[in-house]
Structure formats: C-alpha cells, structure tokens
Amino acid sequence: MILRGEGLTVRYPGAALPALQGVDCAVAPGHLLAVVGPNGSGKSTLLRALLGLAALEAGSVSLKGRPFGGWRRPEVAALVGVVSQREDILFSLSVEETVLMARYARLGPLAPARMEDRAAVRRALERCDAWSLCERRTDTLSGGEWQRVRVARALAQEPEALLLDEPTVALDVRHEMEVFELVRALTDGGLGALVITHHLNLAARYADSLLLLDEGRVVAHGTPGEVLREPVLSSVFRWPVAVTPWRDGSPQLVPLRPGEGQAG
Amino acid sequence: MTTRQWGALLAGTILALIAGVSVGAVDIDWRGVAGALSAAPTGEAALVRYLRMPRVVLAFLVGGALSVAGASLQALVRNPLADPYLVGLSGGAGLGAVLAIALHLGGPWAVPLAAFAGALGAVAVVYRLSVVAGRRLDPHILLLGGVVVGAFAGSLMSAVITLASASELRSAMLWLLGGFGMASWPAVAVFASYALVPLGLLVGSARGLDLLTLGEENAQYLGADVEALKRRVYLSVAALTGAAVAVSGIIGFVGLVVPHVMRRWGVPLHRQLLPAAFLAGGAFLVLSDLIARSLFRPLELPVGVVTALIGVPIFALQLRKSLR
C-alpha cells in the first residue's frame with residue numbers, strides 16, 4: 001500500500017457538519033481507484049486530507065506504512081504526484097521549464113538540473129504524447145495540451161502514486177478518453193492511481209474500484225458493478241437514473257427525464 | 001536566459017556605473033575616473049572618490065535590492081503588479097523619518113534609523129494581520145493589510161507634517177521622495193553588509209519562488225515547504241525594503257517595473273530572474289539618479305520622481321502588451 005487514510009474526518013472552521021467523516025481510502029500499486037460523488041460530497045477534501053493539506057479532526061494517513069507527518073514535503077513529492085483541479089498560469093514558461101519543476105524536490109536550492117532530470121522530463125512528456133510541445137510557452141497551449149503537460153509534470157516526479165482531481169474538466173471526448181487511457185496504462189505499469197471524477201461511465205470502464213461519497217461519508221465502496229446501482233445513485237445524486245451494462249459488462253448510467261420512470 | 005542576454009545586461013550595467021561616476025556638476029571623462037582610483041585624493045579625485053562613487057554604488061545596491069525584493073514579492077503574492085512598498089513599508093518608514101525630522105533627533109543616522117524602525121513596525125502589524133489561525137501566512141491579506149497599514153501611517157505622517165514648521169516640512173518632503181544626496185562610504189558599507197543576508201535568503205529560495213507562482217497547493221505537491229518558504233520570503237523582502245528606505249527614502253516603481261520587464265525579456269525562472277533583476281535594477285537606479293541630479297543643474301530632483309516618470313510609461317506599455 002502506498003498511501004492509506006483511515007477514519008479520515010475533516011471539519012472546516014466554522015462549519016457545522018464535517019466535510020469528511022470517517023472515510024477509509026487506500027492507493028495501492030497497480031490499482032486505479034475512482035472517487036465519485038455529487039458536488040460538495042468531500043472528494044477534493046479527501047485528496048487534501050490524504051496529502052496533509054487538510055487538518056484532521058480524527059483518523060490518520062500513512063505513506064509507505066509510515067505516518068504521513070513523519071515525511072518531509074520533498075520526500076512526499078518523490079513518492080506521490082498530484083494533478084490538482086486548477087492551476088492558473090501567472091508567468092508563462094516553456095513546457096520544459098514547467099515540467100522540470102517536478103525535479104526541484106530532488107535538486108538542492110541552487111544545483112542545476114542534471115542529465116537524469118532532463119531525461120525524466122523527456123520520458124514523462126513522451127509518455128503523455130506531449131514531447132512535441134516541449135518548446136511551447138504554457139500560455140499558448142490548448143486546454144487538452146495543458147492538462148497533458150500537467151500530468152507529465154506529475155509523472156516527471158517519478159512517483160509511485162498518482163492522484164488526479166477532475167483531470168478531464170473542460171476536455172472534449174477525445175482528450176477525456178486520452179487522459180483515462182493514459183492513467184489506465186500507467187496503472188497497468190504498476191503505478192497506484194486515484195482519480196476524482198464526475199464521469200461515472202468512464203470510471204466504471206477504467207477503474208478497478210469506486211469510492212462513492214455523499215455528504216462526507218462513504219456510501220459505497222467496491223467494484224463498479226457493486227457501487228453503480230440504480231437505487232444508490234438515484235438517492236445520492238437526488239435524480240432518477242437507470243443503469244444498463246455496456247458491451248464490456250461495465251455498468252453505464254443514464255439519467256432519466258421526468259416522466260421516464262424506471263422503465264428504461 | 002541566453003549568454004548573449006547576460007552579456008548585454010552586464011555591459012549595460014558597467015556603462016551605467018561609469019556614466020554615473022562621470023556625469024554631474026563637474027563632468028569627468030573616463031581617464032579622470034580611472035585616475036581618481038589611483039591618484040592621491042585631492043580636487044577632482046576626491047570628488048569622485050568620496051562623493052560620486054559612494055553615491056553611485058549606493059544607488060546601484062539599493063536599485064538591485066528593491067528589484068530583487070519586488071520580484072520575490074510578486075511571486076509570493078502571485079501578483080505581477082506588486083511593489084515592495086505595497087506591504088505597508090513606505091508608510092511606516094515615512095512616519096518614522098518624519099517624526100525624527102519633526103523632533104529634531106540629532107546625528108546623521110537618526111532619520112535612517114527612525115525610518116527603518118517605522119518600516120519594521122509597519123511590517124510587524126501587517127504580518128500579524130496576515131497570519132491566520134496562528135500559522136498560515138495569507139498573501140492576499142498581506143497585500144490588503146499592507147495597503148491599509150500604509151494608509152494609516154500615511155495619514156499620521158500628514159498630521160505630523162502639517163503641524164511642523166516650514167523648513168522641517170521641506171526636508172521631510174524631500175526625504176520622502178527619495179535621493180542619494182547623503183550617500184557616503186559608511187552608508188554603503190552598512191547597507192551592503194546588512195542586505196547580504198536577505199538577498200542570500202531570497203536567492204536560496206529561487207526554486208521555491210518558481211513553485212509558488214503555480215499556487216500554494218501545487219507548490220506543496222511539488223515538494224515546497226510552503227509556510228516556511230512564505231515567511232522566509234516575506235521577512236527578507238521586508239528587511240531589504242526597510243533598509244533601502246532607510247538609506248535613500250522612498251523610491252517607487254523600481255521594484256515593480258524592473259522585475260516585470262525582465263520577465264517579459266524572457267527570464268521567468270527566479271534562479272536567473274533574481275540576479276538579472278539585481279543588475280538591471282541597480283543600473284536603472286544609477287541612471288535615474290544621474291538624470292535627477294543633472295537635468296536641472298544645479299538643482300536636484302528627488303530620484304523617486306524620476307523613477308516614477310520613467311517607470312510609469314514603461315509599465316503602461318508593458319500592461320498594454322500583456323493585455324493584447
């Protein structure tokens with residue numbers, strides 16, 4: 001197990017209800033976990049709690065079996081890569097300069113980048129089909145290109161686990177599929193992955209397991225078939241849905257229009 | 001940044017320094033400047049060695065320090081338009097200096113020390129406001145708090161000035177607008193030895209500053225210890241700016257415009273940006289001081305007026321370019 005959270009409870013200052021309540025979650029090598037749930041269900045808080053950015057009211061996080069608090073930030077960065085939900089470009093850089101930042105944790109404050117750092121950058125960019133963008137400035141990239149570069153930067157950390165918070169927001173179908181294909185391929189190569197997503201149908205097809213959150217609690221946790229069931233989803237998302245199997249057997253969700261009932 | 005750009009920057013800096021020493025009430029050619037370094041210090045040589053050179057060196061160091069402080073602050077608050085004086089320093093320093101002038105505190109170091117104390121006092125208040133929940137330093141509150149504390153100190157300063165006599169008022173106004181008329185080798189030595197520590201800390205934080213520009217959360221994911229980094233950067237910026245105000249009054253726009261122009265010149269990463277901004281800012285202030293003391297000879301303009309007159313149009317042009 002690379003990253004494990006147990007009984008995670010987070011309460012933001014001034015909030016009556018906890019944003020996260022007793023959630024267990026683990027990122028294991030070669031395993032793709034998708035975290036799903038309605039807006040405000042605690043998905044991003046879970047990611048922040050796993051990475052020591054949200055103060056825990058209860059519960060604990062361990063990284064490689066050791067309490068998270070015992071790791072220094074650069075050590076964490078060498079083990080866990082994160083693609084956060086948003087990142088504004090303040091000062092435009094070249095793609096290579098941006099991805100090279102992934103190596104800062106391994107470099108001292110002043111040492112120049114080594115051969116192995118540049119090699120890691122190149123490997124990561126090639127992996128994400130973004131090596132051709134190397135010389136481009138970040139503020140000239142399209143949404144899909146920028147997202148691939150950010151995934152590449154997380155990969156250039158050469159982590160054992162990759163955590164992505166809604167990586168396909170604002171991407172079209174092709175780029176969405178490319179991100180999921182990439183994460184699946186990386187997981188098959190031994191990386192542990194956690195993806196927060198609103199794409200239940202893609203999660204069902206790509207993830208090994210799903211964690212369904214609602215109001216900060218775990219509603220269901222298991223294989224896509226175990227989690228994506230009509231009554232559970234209809235109640236969690238407060239909207240009637242039908243679930244039908246796709247050719248590969250994965251459950252696919254169709255939200256129903258008023259009056260369609262459960263006939264579908 | 002390419003080798004050619006470094007070469008151009010270095011050459012420009014050296015030219016600015018030579019021009020700064022040569023031009024003035026008495027113009028001295030480069031042979032005179034070289035001679036002054038070797039000859040016995042009398043006449044022209046004394047002028048160069050004890051008046052012009054410390055003035056030029058101090059302007060260079062202050063310009064460099066303000067630019068490095070500005071570049072670092074812009075990364076810290078994630079705002080390319082931040083000026084080191086925005087963190088409340090100028091108001092506090094001005095209040096300290098004006099009080100010292102109004103109270104007739106004696107000695108050549110009374111006004112600079114009072115200004116420095118005022119700057120640190122303002123920074124302490126702003127820092128206290130910005131540290132939320134006991135440990136997090138919030139950059140947004142840092143900026144807003146700086147503006148508020150600066151305005152408060154500024155109004156106190158206006159009150160003191162209004163109540164003071166005419167001659168005090170004039171010297172206070174002149175001091176507030178900045179200048180290097182009081183430069184001396186001891187002032188250079190004190191400033192240089194003092195500035196070394198915060199400058200070193202900021203250069204050592206260059207990679208952290210790169211990461212901060214991605215946002216605090218992303219910086220942490222990439223391995224930055226963000227809270228310690230923010231404290232280190234903020235206090236170094238405050239210490240540098242406070243010292244600059246103490247030796248030369250309030251000189252605006254250097255710390256805002258120079259880093260901005262250097263970034264657009266293709267130097268976005270701080271490991272190169274900080275040294276490049278130091279050279280460019282130093283050269284810019286040396287030339288501004290040159291203009292300030294030679295434009296209306298024998299009268300001398302406050303150098304802060306010149307940096308604003310040059311800085312604002314440059315800044316406006318950059319702004320237009322970036323909006324295009």
**Item:** Filter result (in a loop (DSSP other than H, G, I, E, B) and either away from every other protein chain (no Cβ under 14 Å) or in contact with a Pro (Cβ under 9 Å, 6 or more places away or on another chain) (or both)) within the range A:1-14
**Value:** A:Met1, A:Ile2, A:Arg11, A:Tyr12
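Using the structure shown, decide if A:Arg86 is surrounded by fewer than 16 Cβ atoms within 10 Å (Cβ to Cβ) and within 20 Å of the chain's Cα centre (by Cα).
Details: surrounded by fewer than 16 Cβ atoms within 10 Å (Cβ to Cβ): yes; within 20 Å of the chain's Cα centre (by Cα): yes.
Answer is yes for this residue.
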**Message:** Can you go through A:Leu32, A:Leu46 and tell me which one is in contact (Cβ under 8 Å) with a residue 24 or more places away in the chain, touching a helix residue (DSSP H, G or I) at 6+ places or on another chain (Cβ under 6 Å) and away from chain B (no Cβ under 14 Å)?
**Reply:** A:Leu32
**Message:** Let me spell it out: the conditions are (1) within 30 Å of A:Ala15 (Cα to Cα); (2) surrounded by fewer than 19 Cβ atoms within 10 Å (Cβ to Cβ), and A:Leu211 meets all of them except one. Which number is the exception?
**Reply:** (2)
**Unmet requirement for B:Gly266, which otherwise passes all of (1) part of a helix (DSSP H, G or I); (2) within 14 Å of chain A (Cβ to nearest Cβ); (3) in contact (Cβ under 8 Å) with a residue 40 or more places away in the chain** = (1)
**Request:** Scan the range A:99-158 for residues that are polar (S, T, N, Q) and closer than 24 Å to B:Gly204 by Cβ and jot them down.
**Result:** A:Gln157
**Message:** What's the total number of residues in the range B:204-247 that are at positive phi and surrounded by fewer than 22 Cβ atoms within 10 Å (Cβ to Cβ)?
**Reply:** 1
**Request:** Return yes when A:Asp129 is surrounded by fewer than 16 Cβ atoms within 10 Å (Cβ to Cβ) and under 23 Å from the mean Cα position of the chain (by Cα) and no when it is not.
**Result:** yes
**Message:** Looking at B:Ala159, B:Ala172, B:Ala195, can you tell me which residue is small (Gly, Ala, Ser) and within 22 Å of B:Val305 (Cβ to Cβ)?
**Reply:** B:Ala172
**Asked** Residues in the range B:173-194: is at least one at pLDDT 90 or above, of a type in the set (A, V, I, L, M) and under 21 Å from B:Leu86 (Cα atoms)?
**Response** no
**Asked** Failed condition for A:Met101, given (1) over 30 Å from B:Ala71 (Cα atoms); (2) within 14 Å of chain B (Cβ to nearest Cβ); (3) crowded, with 20+ Cβ neighbours inside 10 Å, with all others met?
**Response** (1)
**Request:** Quick one: in the range B:282-316, of everything that is touching a residue at least 12 places away in the same chain (Cβ under 8 Å) and outside any helix (DSSP H, G or I), which residue is surrounded by the most Cβ atoms within 10 Å (Cβ to Cβ)?
**Result:** B:Pro302
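Conditions (1) under 28 Å from A:Leu63 (Cα atoms); (2) free of Cβ contacts under 8 Å to residues at least 12 places away in the same chain, marked per residue:
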{"residue": "A:Met115", "(1), (2)": "no, yes"}
{"residue": "A:Arg136", "(1), (2)": "no, no"}
{"residue": "A:Leu141", "(1), (2)": "no, no"}
{"residue": "A:Val149", "(1), (2)": "yes, no"}
{"residue": "A:Ala154", "(1), (2)": "yes, no"}
{"residue": "A:Leu163", "(1), (2)": "yes, no"}
{"residue": "A:Leu194", "(1), (2)": "yes, no"}
{"residue": "A:Tyr206", "(1), (2)": "yes, no"}
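Condition check ((1) touching a residue at least 24 places away in the same chain (Cβ under 8 Å); (2) closer than 30 Å to B:Ala224 by Cα) across all residues:
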{"position": "B:Arg78", "(1), (2)": "yes, yes"}
{"position": "B:Ala117", "(1), (2)": "no, no"}
{"position": "B:Arg128", "(1), (2)": "no, yes"}
{"position": "B:Gly145", "(1), (2)": "yes, yes"}
**Asked** From the list A:Gly144, A:Gly81, A:Gly69, which residue is under 19 Å from B:Glu216 (Cα atoms) and more than 10 Å from chain B (Cβ to nearest Cβ)?
**Response** A:Gly69
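The values are calculated or read from the model by the stated rules, or taken from the named source; none is laboratory data. Small disclaimer: the values here were computed from a predicted structure and weren't measured. So basically every Cβ, Gly included, is an ideal-geometry build from the backbone, and we count neighbours across all protein chains shown.
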